[in-house]
Amino acid sequence: MKFSIQPVLENQEYQLIPLQQGDFESVYEVASDPRVWEQHPNKDRYKREVFENFFKGAMESGGAFKIIEKSSGDVLGSTRFYNFDEEENHIFIGYTFYGTKSWGKGINPQVKKLMLDYIFQFVDKVHFHIGKENFRSQTALERIGGEKIGEEEVAYFAEPTRTNFVYEIKKENHS
């Protein structure tokens, strides 16, 4: 089945807009705070040269977005769809980050709901890779119904391999 993994998605407050090369500076501005990455397996993504690799991977994925607050027009962070598996009929959502000013405001659940509502038109399951020490993201995913189903080594684009937990949300469990 053919479907876009990079549509424009929006609700009343937020917009997910396909990431473009010209978005580097505005997205890097959010990513350049070391606190954004402190629980992440790759803690040095706040460095420009490391983030350049991350951004290149985002562009090559064909499924990356910048997250925009509609009222201000501010870039809040980035996320993406990746690794669609046609045989198993699942896709991953991940590589998500937000600037610290967006933390604890209920933004991530709204963004994930937009993505899940859209993608569950086409797949039965959505998987998430989360660093084993990224407790903030583990908690966030469990709150929206994610279930830990495994652990695997993940080779990030142009970065070292790290241990990640794999979480899953099934279409029939998504409300």
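Being over 13 Å from the mean Cα position of the chain (by Cα), outside any loop (DSSP other than H, G, I, E, B), among the polar types (S, T, N, Q) and more than 24 Å from residue 114 (Cβ to Cβ) is a condition met by no residue of region 42-49. From the list 26, 32, 4, 72, the one residue that fits, being under 29 Å from residue 125 (Cβ atoms) and over 13 Å from the mean Cα position of the chain (by Cα), is 4. Selection of region 141-175 for residues being farther than 18 Å from residue 82 by Cβ and hydroxyl-bearing (Ser, Thr, Tyr) yields 163, 175.
Residues in region 114-140 that are under 14 Å from the mean Cα position of the chain (by Cα) and more than 26 Å from residue 10 (Cβ to Cβ): 131, 134, 138.
With respect to residue 65, determine if the residue is surrounded by 15 or more Cβ atoms within 10 Å (Cβ to Cβ), aromatic (Phe, Trp, Tyr), over 20 Å from residue 166 (Cα atoms) and within 12 Å of the chain's Cα centre (by Cα). Let's see the steps before the verdict.
Numbers: surrounded by 15 or more Cβ atoms within 10 Å (Cβ to Cβ): yes; aromatic (Phe, Trp, Tyr): yes; over 20 Å from residue 166 (Cα atoms): yes; within 12 Å of the chain's Cα centre (by Cα): yes.
Yes: the conditions hold for residue 65.
Consider region 84-95 and keep the residues that are touching a residue at least 24 places away in the same chain (Cβ under 8 Å) and not aromatic (Phe, Trp, Tyr). The one that is surrounded by the fewest Cβ atoms within 10 Å (Cβ to Cβ) is 86. Can you find, within region 150-175, the residue that is surrounded by the most Cβ atoms within 10 Å (Cβ to Cβ) among those that are in contact with a helix residue (DSSP H, G or I) (Cβ under 8 Å, 6 or more places away or on another chain) and under 18 Å from residue 57 (Cα atoms)? My answer is 156. Do we find that residue 72 is in a loop (DSSP other than H, G, I, E, B) and either of a type outside the set (Asp, Glu) or crowded, with 19+ Cβ neighbours inside 10 Å (or both) in this structure? Yes; evaluated as a whole, the condition is true for this residue. Of all residues in region 120-136, one or more are among the polar types (S, T, N, Q) and surrounded by fewer than 19 Cβ atoms within 10 Å (Cβ to Cβ). Being among the polar types (S, T, N, Q) and without any contact (Cβ under 8 Å) to a residue 12 or more places away in the chain, is that true of even one residue in region 165-174? Checked against the condition, which is being among the polar types (S, T, N, Q) and without any contact (Cβ under 8 Å) to a residue 12 or more places away in the chain, region 165-174 yields no hits at all. Across region 128-142, a minimum of one residue is classified as of a type in the set (Lys, Arg), modelled with pLDDT under 95 and on the phi < 0 side of the Ramachandran plot.
Going through region 13-31 one residue at a time, which ones are surrounded by fewer than 15 Cβ atoms within 10 Å (Cβ to Cβ) and either at pLDDT below 95 or in contact with a helix residue (DSSP H, G or I) (Cβ under 9 Å, 6 or more places away or on another chain) (or both)? Across region 13-31, the qualifying residues are 13, 20, 21.
The values are calculated or read from the model by the stated rules, or taken from the named source; none is laboratory data. Note that the structure is predicted; figures quoted are calculated from it, not measured. Note: ideal-geometry Cβ built from the backbone for every residue, glycine included; neighbour counts use all protein chains shown.
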